[in-house]
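What follows draws every value from the coordinates through simple rules; no lab data is involved. The structure presented is a predicted model; accordingly, all values stated were derived computationally and were not measured. Cβ coordinates were reconstructed from backbone atoms using ideal geometry, including for glycine residues, and neighbour counts include every protein chain displayed.
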Amino acid sequence: MNNRPIAPRFWDRFWRLANPKVFMGWSGRLLPWIAAAAALSLCTGLTWGYFLTPDDMRQGSTVKIIYLHVPAALMAINGYLLMFVGALVWLIRRQHVSVLAAKAAAPVGMVMTLIALATGAIWGQPMWGTYWVWDPRLTSFLILFLFYVGYIALWAAIEDEDTAADLTSVLAIVGAVFAMLSRYAVLFWNQGLHQGTTVTVADGAKQENISNVFFQPLLLSMAGFGLLFLTLLLVGTRMEVRSRRLKVLQARERME
Amino acid sequence: MMPDLGKYALEVNSSYAMSLLALAVITGLYVRRSRAVKRALAAQEAAQDA
């Protein structure tokens, strides 16, 4: 009879999921379902938001940009936080899959940040009268974008995979500060044009939720962006695992 | 049926076009590169088994 406590057994099983061979098995089985759920929720959320929601009293039809801007911004921040976790796991436990997941997440997170910045600028022009201001949230988002670019460039610049993993992990941990800053910038510095969090707008003692007419398709779009991120993360991580194995086999062949 | 976007049609439509294009490009790149690496690995493994 196994007398080991339950918690260590759970963690043993959990970390085994990050074994490259085990990871390829479970991710391959899950991927088609996650991809289908991503396509369905993204198409439904964006179609609902674009075609079936009314104009806002103050913002007119520009409110429809919310179904792109908010989910993209959400995934830009959470994507970097995922890279932070992957980097920490690599530095502490030397699990290759975790750092390869962080590497795979970076280009997707960068595109999400770009979408959030671009749609924000396009939305800002008619609402604020300008495409850009050096507002705390906008500025911290721009810095987050630059961290994504730097992280991708650092991976490309270093030939040795483990050295690249170490250095990019340090960069991911430093950049996570800006990911958190871009999330809470509005609270830290009570200035600038950008409003607080969209889903629940807190105004002093008064708390105002956005109307269900806008909230329901927004929730679906957020799920769609999240699932698309997860799909591309799995596709990218599987690709990196295979690429790493390919390099090992090629190196072994050269040595023979 | 297209919704009436009024005077903000350009802003809304360009946001959707740009975002969907960006998502399509990153998805296409990931799928394409993933297939290429899978093929290369299969060829390498086959060559080593032979």
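Data for the structure
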quantity	calculated
Relative contact order computed over region A:64-173 (Cα-Cα under 8 Å; 6+ residues apart), in percent	33 percent
Length-normalised contact order for chain A - Cα pairs under 8 Å, 6+ apart - percent	31 percent
Estimated inter-spin distance, A:ALA157 and A:LEU30, nm [label 7 Å along Cα→Cβ]	3.3 nm
Principal-axis tilt of helix A:20-52 within chain A, Cα atoms, nearest 10 degrees	10 degrees
Shape category assigned to region A:18-157 from the gyration tensor of Cα positions, a/c cut at 1.5	oblate
Angle in degrees between helix A:66-93 and the longest Cα principal axis of chain A, rounded to the nearest 10	30 degrees
Peptide A:47-56, shielding by other chains (average Cβ, 10 Å cutoff)	2
Computed [θ] at 222 nm, deg cm²/dmol, chain A (DSSP H ≥ 4; -39,500 (n - 2.57); rounded to nearest 500)	-28000 deg cm²/dmol
Three-way shape label, the protein assembly as shown, alpha-carbon gyration tensor, a/c 1.5	prolate
Inter-chain Cβ neighbour average for residues A:242-249, partner chain, 10 Å	5
In degrees, nearest ten, helix A:136-157 long axis to first principal axis of chain A (Cα)	20 degrees
All lysines inside 22 Å of A:LYS103 as judged from Cα atoms, apart from same-chain residues fewer than 8 positions distant	A:LYS21, A:LYS247, B:LYS38
Within 10 Å of each Cβ in B:20-31, the average number of Cβ atoms from other chains	5
